[in-house]
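Input: a single structure, listed below in C-alpha cells.
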Amino acid sequence: MQTQAYRSVWDAIADGPGEAANLKLRSQLMDALEAYIARERITQKEAAKRFGISRLRVSELVNGQISKFTIDKLVNMGTGVGLSMRMTVGHERPSALLHENHGVAGKAVG
C-alpha cells in the first residue's frame, strides 16, 4: 500500500496549497489568541469583551472551530489586545508531497 506523507495535517485535508496556507495561518492565530487568554488568566466573558466578540465566539475559538473565523477577524482580535503580527513569505517545493511511504496512511511530517 502506497501513501503520501504531508508536511502538516492542513496539507493533508486541504483541497490545495492556498487553502492549506489559509488553514495554517488561522490555526496559528487561534493558538496565539488562546495563549493570550491563558497568559492573562481571564474568563471567556472577559476575553469576549477584550476581543470585541460574544462569549459564544470565544468558546468557538478555544474549541478550535477554525471554520468559524477568517484571517481578518483573527488579526483584528489580536491587534485589538496588543498582539503584534508578523508573516513570513517564502518559496516552498511545488508539491506538499515530501516522499512516498509504505503502510502509513496520511503520515504527517514536520
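A short reminder: the numbers here are calculations on the coordinates, not readings from a lab. All figures in this text were calculated on a predicted structure; none of them were measured in a lab. Neighbour counts run over all protein chains shown; Cβ positions are idealised from the backbone, glycine included.
Listed values, structure above:
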| quantity | calculated |
| --- | --- |
| Residue count, region 18-46 (criterion: without any contact (Cβ under 8 Å) to a residue 40 or more places away in the chain and closer than 17 Å to Lys68 by Cα) | 8 |
| Count of region 24-46 residues which are farther than 24 Å from Arg7 by Cα and of a type in the set (Lys, Arg) | 3 |
